[in-house]
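Participant: Sharing a structure below in structure tokens format, with a few things to ask.
The values are calculated or read from the model by the stated rules, or taken from the named source; none is laboratory data. Here the structure is a predicted model, which is why all the values come from computation and not from measurement. Methodologically, a virtual Cβ is constructed for each residue, glycine included, from the backbone with ideal geometry; neighbour enumeration extends over all protein chains shown.
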Amino acid sequence: MSSKKRKAPDDLEQPERVFQDVALNSGDQHRHVAGSDAYFRHLYDNEPDFKELAERDVDFAAVLQANGLLDFADPKAVMRLTKTLLSLDFNLKIELPDDRLCPPVPNRHNYILWLKELMDTSSYEPPGRPIRGLDIGTGASCIYPLLGTAQRLSWSFVATDIDAKSLQYARKNVALNNLEGRILLLQRQPEDSLIPLRGRDSEKVNRIDFTMMNPPFYKSEGEMLSSAQNKARPPHSACTGAPVEMVCDGGEVAHVSRMLEESLILKEEVQWYTSMLGKATSVEILVEKLKANGIDNYAITEFIQGNKTRRWALGWSFGAMRPGEHVARVKTSGWKKVSPPILEIKVLALTSDAPVDLVIERVNEVIGSLELISWSWDSSAMKGIGRTRGNVWSRAWRRKKMRGQATEATTPALPSSTPESSQCRLGFAVAIEMGVSTTTVTLHWREGHDAVIFESFGGFLQGKMKDLG
Ligand SMILES: C[S@@+](CC[C@H](N)C(=O)[O-])C[C@H]1O[C@@H](n2cnc3c(N)ncnc32)[C@H](O)[C@@H]1O
């Protein structure tokens, strides 16, 4: 956390509180999203500055040791840190029992940041569209729905748990923040489906856009206790969580596999199915399962907290909208094999003094001459979006067309209400970015299931632009 004082944006103090898709006008919505995202994105880039927190919150000052450190083995101190961060950074209040998990805010915040980018990048709509998330196993804190609704006025949540005590506190926390209109809590049974779109409770849940889950990590109580001992923490405290929260048959792989099984039935009813994972090996096992089920559109990310704790998140979609490269692929070494196919291709890099007008002209000339479903260029953003029914740049396509076999590709652009039309084999964006020393042209994969056609288009553009480099 930076040492300079942070203040939550004013409009967070009175969030909209209705359980419905929030109808801000689009101008207000975009301004709000851009402003608040900038505030939230870098909140925890650095470790919390305890001295600053103590200056701003007397209750935190009371648990801070004389040497300026926090005793992480003391559940009271850990709980105070969570409450203080939620209050100062998000204007959120929270009550927690002593015998349930106390969530570390930066880690939970990371998951929400990733989800915002996942949902934003895998849509043609600008950030801020109405979205409903499902938090499976919300816990006593109800932390994810609280963080999500605090950051996005257009988000609402359905939150479930099987633990009555956790739900009792979750209900209290939703009420403490006046969020009853935007967070629906559901008590589930262990044998119920994880996603309440079928069977019990389905009449209360008409739509879900993404699922999220911090699953019980451990296969047994023994595994959980030995892990807690390694961290020198009292077992079954607010730091480690109760067995009901932390243990399930088969551990996290089994729990996420349940979500996968349900997703194979629900398919595109939910745009993204996601879960956090505590072990790198779980990510590998689950990616294999996705591939075995023919799921090619998935995303992996790594959450790094301090220099010790690492967590991962995995998401998959049956839809055609692809997430951004930075959202879907882990950059640290060792992840190449597990990561999904590349989602962006550098077409051209120039020194920053090269004339950009020529580059813009060439991009529009080359792409504008193709028989696409649609192509539109936004001069202020220096970005164009196009969609095609096939590899209309290839010789094979031109030959087929001459023989009258290629689908007529000159029909008008599809209406924007049908962006995921099955007629589109590739949706892409071309962006020109001017850096300090270089100007780059990048091709982004936005839509489709065919990595080969995306790479072929990247190669075509590189060939057409290379004389400018
Ligand atoms: C690791 S805790 C996560 C709590 C909270 N989401 C957080 O991140 O701090 C896992 C939660 O999942 C709940 N849970 C376990 N099995 C469940 C199921 N089948 N359906 C819904 N919740 C479940 C547990 O009761 C527990 O609250």
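Participant: Scan the stretch 201-230 residue by residue and report those that are in a loop (DSSP other than H, G, I, E, B), more than 12 Å from the ligand (Cβ to nearest atom) and not hydroxyl-bearing (Ser, Thr, Tyr).
Facilitator: Scanning the stretch 201-230 gives VAL205, ASN206, ARG207, ILE208, ASP209, LYS219.
Participant: Restricting to the stretch 137-154, and then to whatever is under 13 Å from LYS93 (Cα atoms) and within 6 Å of the ligand (Cβ to nearest atom), can you tell me which residue is surrounded by the fewest Cβ atoms within 10 Å (Cβ to Cβ)?
Facilitator: SER141
Participant: Separate question: Say whether the condition of being hydroxyl-bearing (Ser, Thr, Tyr), outside any strand (DSSP E or B) and near the ligand (Cβ under 9 Å from one of its atoms) is met by at least one residue in the stretch 166-173.
Facilitator: Yes, the stretch 166-173 has at least one match.
Participant: What is the residue count in the stretch 177-200 for residues that are closer than 26 Å to SER123 by Cα and within 9 Å of the ligand (Cβ to nearest atom)?
Facilitator: Number satisfying all stated conditions: 1.
Participant: If you don't mind, another one. So for the stretch 309-323 (the condition being of a type outside the set (A, V, I, L, M), free of Cβ contacts under 8 Å to residues at least 60 places away in the same chain and closer than 29 Å to VAL430 by Cα), does at least one residue qualify?
Facilitator: yes
Participant: Still on this model: Please determine whether any residue of the stretch 418-426 is under 30 Å from the mean Cα position of the chain (by Cα), at pLDDT below 95, farther than 22 Å from VAL359 by Cβ and surrounded by fewer than 13 Cβ atoms within 10 Å (Cβ to Cβ).
Facilitator: yes
Participant: Something else now. I want to confirm something. Restricting to the stretch 155-165 and keeping residues that are of a type in the set (A, V, I, L, M, F, W, C) and in contact with a Leu (Cβ under 6 Å, 6 or more places away or on another chain), which single residue is farthest from the ligand (Cβ to nearest atom)?
Facilitator: Looking at residues that are of a type in the set (A, V, I, L, M, F, W, C) and in contact with a Leu (Cβ under 6 Å, 6 or more places away or on another chain), I get VAL158.
Participant: When you go through (1) modelled with pLDDT of 95 or more; (2) touching a Pro at 6+ places or on another chain (Cβ under 8 Å); (3) of a type in the set (A, V, I, L, M) one by one for ALA54, which number turns out not to apply?
Facilitator: (2)
Participant: Taking the residues in the stretch 343-380 that are part of a loop (DSSP other than H, G, I, E, B) and free of Cβ contacts under 8 Å to residues at least 24 places away in the same chain as candidates, determine which candidate is farthest from SER456 (Cα to Cα).
Facilitator: First pass over the stretch 343-380, keeping only residues part of a loop (DSSP other than H, G, I, E, B): 343, 352-355, 369-373, 379-380.
From what is left, the residues that are free of Cβ contacts under 8 Å to residues at least 24 places away in the same chain are 353, 355, 369-370, 379-380.
Working: ASP353: 29, PRO355: 27, SER369: 17, LEU370: 14, SER379: 26, SER380: 28 Å.
Within the stretch 343-380, the match that is farthest from SER456 (Cα to Cα) is ASP353.
Participant: Sticking with this one: Is it the case that LEU260 is more than 21 Å from LEU343 (Cβ to Cβ), more than 13 Å from the ligand (Cβ to nearest atom) and part of a helix (DSSP H, G or I)?
Facilitator: Answer is yes for this residue.
Participant: Counting only residues that are charged (D, E, K, R) and exposed (fewer than 12 other Cβ atoms within 10 Å of the Cβ), which one in the stretch 362-379 is farthest from the chain's Cα centre (by Cα)?
Facilitator: Per the criteria, the residue is GLU365.
Participant: Picking from ILE304, ILE295, which residue would you name as being of a type in the set (Val, Ile, Thr), on the phi < 0 side of the Ramachandran plot and crowded, with 19+ Cβ neighbours inside 10 Å?
Facilitator: Every option except ILE295 fails the conditions.
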